[in-house]
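Before any comments, here is the structure.
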Amino acid sequence: MLSGLVIVDKPQGWTSHDVVARMRRLAGTRKVGHAGTLDPMATGVLVIGVNKATRLLTYIVGTGKRYTATIRLGQSTVTDDAEGEVTAVGDASGIEDERLRAAVAGFLGEIQQVPSSVSAIKVNGERSYARVRAGEEVALAARPVTIHRFDVLDIRREGSLLDVDVDVACSSGTYIRALARDLGAELGVGGHLTALRRHEVGPFTLDAARTMEQLEQELQILELSQAARDLMLSRELTEEEAADLSHGRRIARDPEQPAGPEAPVAAFAPDGTLTALLSDSGRHAKPVLVFPSDAPQGDA
């Protein structure tokens with residue numbers, strides 16, 4: 001059974017679901033998922049899990065991300081990006097480079113961010129973007145996110161507009177559209193996103209990504225065990241430990257390698273196959289997930 005991760009360089013105009021649907025055909029299985037939505041306008045790294053590797057996606061979603069983007073100052077849109085109708089216009093021509101960079105620096109560190117109303121966040125069981133498209137006004141609650149890097153790469157001026165190329169490294173849950181909107185609000189001229197490219201999702205980068213055209217020619221999958229080694233700390237098991245874990249039994253904790261419920265350790269059998277994900281429970285390590293080696297396709 002084919003199980004592993006596919007690192008896709010998502011094309012512009014495709015939804016994440018479009019990529020999943022195509023991957024189901026290419027991999028010949030229905031058990032395919034992605035590790036975090038990437039907007040149709042955006043391009044770049046989209047991590048796809050196939051068969052057993054879909055069980056790793058939960059741990060990938062929460063990893064840090066890195067993007068390059070273009071923010072247009074001087075216009076606000078209903079979607080906070082270029083796909084939405086312009087709702088307000090300002091004059092950004094008088095914003096000096098020094099003032100812009102100072103405003104950008106103010107977003108570094110942990111901040112409270114209100115996600116874009118046109119997002120996939122659920123409100124009373126329904127996606128926020130669906131409510132907005134139905135004509136509702138949606139006000140989402142602010143949530144803590146961390147901006148590790150927010151660098152200005154280039155500044156271009158055209159009339160009353162200011163286009164700013166940026167490099168952003170951030171925590172999971174950060175909306176770059178909202179960052180563009182809030183930078184425009186901070187400068188008093190409005191802002192929205194005109195381009196977005198994701199370069200990194202945790203340890204998975206554009207260097208390892210393949211376009212859909214390349215994957216149509218040759219489906220390249222990062223095998224399950226290697227994907228887990230790239231993503232997590234690892235522990236090598238004895239035959240007896242591997243047998244215990246395969247039956248859901250806990251084993252002795254490794255004092256050299258602490259684990260936890262938020263950061264499990266990937267445990268490998270002597271032959272190198274992924275056996276389980278472990279978390280600490282007192283003096284023992286208990287399996288959070290077990291990966292049977294003989295699971296039939298679709299039941300991984």
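The values are calculated or read from the model by the stated rules, or taken from the named source; none is laboratory data. Since this is a predicted model, take the numbers as computed values, not measurements. Methodologically, a virtual Cβ is constructed for each residue, glycine included, from the backbone with ideal geometry; neighbour enumeration extends over all protein chains shown.
Here are the numbers for this structure:
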| quantity | calculated |
| --- | --- |
| Residues located in the stretch 65-121, provided they are under 15 Å from residue 174 (Cα atoms) and in contact with a Ser or Thr (Cβ under 6 Å, 6 or more places away or on another chain) | 80, 110, 117, 118, 119, 120, 121 |
| Of residues in the stretch 181-214 being assigned to a strand (DSSP E or B) and among the basic types (Lys, Arg), the one nearest to the chain's Cα centre (by Cα) | 198 |
| Residues within the stretch 245-284 that are assigned to a strand (DSSP E or B), at pLDDT below 90 and out of contact with any Ser or Thr (no Cβ under 7 Å at 6 or more places or on another chain), tallied | 5 |
| Subset tally (residues that are β-branched (Val, Ile, Thr), more than 15 Å from residue 176 (Cα to Cα) and in a loop (DSSP other than H, G, I, E, B)) for the stretch 79-105 | 1 |
| Selected residue [hydroxyl-bearing (Ser, Thr, Tyr) and under 30 Å from residue 225 (Cα atoms)] from 15, 70, 79 | 15 |
| Unique match (being under 28 Å from residue 50 (Cα atoms), out of contact with any Gly (no Cβ under 8 Å at 6 or more places or on another chain), outside the structural domain of residue 75 (by TED's automatic domain parsing) and crowded, with 19+ Cβ neighbours inside 10 Å) among 219, 215 | 215 |
| Residue within the stretch 142-162 that is under 20 Å from residue 37 (Cα atoms), over 18 Å from the mean Cα position of the chain (by Cα) and modelled with pLDDT under 95 present | yes |
| Flag if residue 178 is under 30 Å from residue 75 (Cβ atoms) and either of a type outside the set (S, T, N, Q) or not in a loop (DSSP other than H, G, I, E, B) (or both) | yes |
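Condition check ((1) within 29 Å of residue 6 (Cα to Cα); (2) of a type in the set (Ser, Thr, Tyr); (3) in contact with a Pro (Cβ under 6 Å, 6 or more places away or on another chain)) across all residues:
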| residue | (1), (2), (3) |
| --- | --- |
| 143 | no, no, no |
| 160 | no, yes, no |
| 164 | no, no, no |
| 185 | no, no, no |
| 192 | no, no, no |
| 210 | yes, no, no |
| 235 | yes, no, no |
| 240 | no, no, no |
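Okay, residues lined up against (1) exposed (fewer than 14 other Cβ atoms within 10 Å of the Cβ); (2) at negative phi; (3) in a loop (DSSP other than H, G, I, E, B); (4) in contact (Cβ under 8 Å) with a residue 12 or more places away in the chain:
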site: 12; (1), (2), (3), (4): yes, yes, yes, yes
site: 23; (1), (2), (3), (4): no, yes, no, yes
site: 33; (1), (2), (3), (4): no, yes, no, yes
site: 37; (1), (2), (3), (4): no, yes, yes, yes
site: 45; (1), (2), (3), (4): no, yes, no, yes
site: 76; (1), (2), (3), (4): no, yes, no, yes
site: 107; (1), (2), (3), (4): no, yes, yes, yes
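Quick grid of which residues meet (1) assigned by TED's automatic domain parsing to the domain that holds residue 273; (2) under 21 Å from residue 196 (Cα atoms); (3) touching a helix residue (DSSP H, G or I) at 6+ places or on another chain (Cβ under 9 Å):
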| residue | (1), (2), (3) |
| --- | --- |
| 13 | no, yes, no |
| 16 | no, yes, no |
| 20 | no, yes, no |
| 32 | no, no, yes |
| 38 | no, yes, yes |
